[in-house]
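What follows is a single structure, written as C-alpha cells, with notes after it.
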Amino acid sequence: MQTASAGLAAILRLVLEIDAIGKSFPAVRALDGVSLRVAAGEVHGVIGENGAGKSTLMKILAGIERPDEGRLVLDGRPYAPRSAREATDAGVAMIHQELNLAPALSVAENIVLGREPRRWGFVRRGPMRAEARRRLAEVGAEVDADAIVGDLPVAGQQLVEIAKALSQESKVLILDEPTAVLSERETRKLFDLVRRLKEAGTAILYISHLLPEVRGLCDRISVLRDGRLVAETTPAESDTDRLASLMVGRELADVYPPRGSRPNAAPRLRVESISVPGHVEGASFEIAPGEILGLAGLVGSGRTELAEAVAGLRPSRGGGILLDGAAVRFRSPRQALDRGVAYVSEDRKGRGVFTELACIENLTLPNLAAYGRVVPDRRRERSATAEWIRTLDIRCPAPAAPMRTLSGGNQQKFAVASRLDVKPTVLLLDEPTRGVDVGAKRELYHLISTLAADGLACLVISSELPELIGLCHRIAVMRQGRLVGEVDPAAESPDETERSIMRLAAGVSEHAA
C-alpha cells in the first residue's frame, strides 16, 4: 500500500492529503485514523459497506462535517473548511448521494446558485441560462434549463446535481453514488466526462457500491471497513470478488438465494389494463403468492409510475386492480397499507424515510397509517425496531437515534423494514438496493426470497439486471409506458437473459416468452 502511494506521488502532483482523520458521533466511531493521498488527474475509488465511513469522510472534505482529529492538505496548504461554501471556494465540489438541490427553483437557478451572474445587483438571466445549458450538455442531460427541479424525475435531478458541480470548475470533485439512478446511456456519458476531467488534471474521488464500474473507472481503490482504511489496491490487483471480501472482511458466497420454481397459485395481485396519464398505457400483470416478479426497463419507461399507481400514490384510469380476486382502487398509500399492499419508493429521501425523525419513529409512522392507531405502543415499537436492526444488520447506534445520522444504505434498510413491519401480503420494491453495499444486497436478496417463500407476492423494480435475473421468477419489461414482453430467467443463460431484456427495453424485439 505504501509503495503504491509513494510511486504515485513520485509521478503525479498530490492535490489532496488526508492524514489520520478521526470522527465520532454519539455511540459511533465513524472514522478512525483514515489517511489517503489523491493526485491531480487521478480517479480514486473509495468503497466500503454501508456505515464504513465513506460518506462521513466525504462530508468532512466538503465542509459539511468537522473532523475530531487529523489534518487535511489541499494543494500543499492546510485545508479546514467550516462550511460547504468554504469548501467550494477552495476548489472542492461534491455530488451528493442524497440530492442537494432547491426543488422550487429552476434548473438554471440551481446550477449557478450562489454564483449568479449579476449586473448592477440584478441577476442576468441570459448568461445564467447559457451557463446552465452548457453544463447540461456536458453531462448529456436532455433537461430544460427553465424547468422546475422538483418537477424532474430523480435521474434528471441527479444530472442537474452533476452539472452544478461541474460549473464550479473544482480542483477536487467528489462523486458519491453518481450513477445510482442513471440509465446506461447517461452512465456512459458520465464516465466519458470523468475521463475528460481526469485528462484536464482534476482529482476525482469516486464512491460507488457498483464494483465493476469502480474497477473500470478508477486508477486506485481504497477500502474502508468500520471507519478504518483496511486496504489500498488497483483494478489490476483485485477483481470484484476480492474487493467485496475486503469490504465485508470475509468471503462472500451465494449472493443470490436458490430460486425455486414459479408458484402455481391464483394471483394475489392482478393489474388489468391500467393507465397513468402521460406515463403508462394499458399495463397488465399479475403476481401469485410466493412469486417474485421483476420489472425492467430504461429510465423513464414508466416502471415507477406504474408501481405508484398500484400503491395509491398516483391516480390511474381505466382497467382494474384485483387483490385476491376483489376489485380495489387505492386513493392513498394508507388505503393500500390497510389492505396489505406496501410500497418502498426509489426516492429514499423524499418518500422513503423522514431524516429528521428518530429511527423508531420512522418504523412507527407506516404502522400507524396501516392500523389507524393514534397513540403508538412504545414498548412494541422499541422491540420491533431493535429486532429489525438485528435482522437487517442496520448500522444504527440506538432506536432513538436520528435517521439523518445513518448512512444512505442503512436508511434504505430502514425504509424496507418500516414497510415489512406492517406485515403486508403484497410488497412493491422500487430500486430496493440503491446505494446499498454488496454485503447488504445479499441480505436483502435473501430476505426477499424468504418473504416470498412465506407467501408474499413481490414486485421488484431494478435498473441492475443481474439482480433481477438472480432473484426473480419472471421479468416483465417496459418501454415508453407499455409492458412489451416477459423473460424467464431460468430458461437461458444470464448473459442471454440480459440481452433479451435489453432487446425488449430498446425496442429491438417484442413479446419474448
For this session: Could you work out, for region 2-248, what percent of all Cα-Cα pairs fall into each 10 Å distance bin, beginning at 0 Å and stopping at the bin that holds the largest distance?
Result: 7, 31, 36, 20, 5, 0
For this session: Fewest Cβ neighbours within 10 Å first, please rank CYS359, CYS218 accordingly.
Result: CYS218, CYS359
For this session: Return one number: the angle in degrees, 0 to 90 and rounded to the nearest 10, between the long axis of the Cα atoms of helix 438-453 and the longest principal axis of the Cα atoms of the chain.
Result: 10
Problem set entry | Estimated vicinal HN-Hα couplings, Hz - region 468-474 in sequence order (Karplus 6.51, -1.76, 1.60; Gly, Pro = x) | 5, 5, x, 10, 9, 6, 9
For this session: Which order do the peptides 409-416, 35-42, 275-282 take when ranked by the mean count of other beta-carbon atoms within 10 Å per residue, highest first?
Result: 409-416, 35-42, 275-282
Seminar exercise, completed: Given 221-227, 331-337, 257-263, 417-423, the highest-first ranking by average Cβ count within 10 Å works out to 221-227, 417-423, 331-337, 257-263
Exercise. With axes computed from alpha carbons, what is the tilt in degrees of helix 408-420 against the longest principal axis of the chain, rounded to the nearest 10 within 0 to 90?
Worked result: 20
Problem set entry | Cα-based reach from LYS189 at 16 Å (exclusive), listing aspartates and glutamates while leaving out same-chain residues under 8 positions away | GLU138, GLU142, GLU161, GLU177, GLU199, GLU213
Problem set entry | Reciprocal mean inverse distance between Cα atoms of region 269-506 - Kirkwood radius, Å | 18.1
Problem set entry | Sequence-distant residues sharing a close amide H with ARG225 (under 5 Å, placed H) | VAL230
For this session: Note down the relative contact order for the chain as a percent, whole number, built from C-alpha pairs under 8 angstrom at least six residues apart.
Result: 15
Problem set entry | Packing-based ranking, highest mean first, of 161-173, 77-89 given that Cβ atoms within 10 Å are counted | 161-173, 77-89
Problem set entry | Entry for percent of Cα pairs over 45 Å apart (calculated from the structure that is shown) out of (i) 18; (ii) 13; (iii) 27 | (ii)
For this session: Relative to the longest principal axis of the C-alpha atoms of the chain, give the angle of the C-alpha long axis of helix 2-11, reported between 0 and 90° and rounded to the nearest 10°.
Result: 60
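Every number here is computed from the coordinates shown, using simple stated rules; none is lab data. As the structure is a prediction and not an experimental result, all values here were calculated from the model. Please note: Cβ atoms are built from the backbone with ideal geometry, for glycine as well, and neighbour counts cover all protein chains shown.
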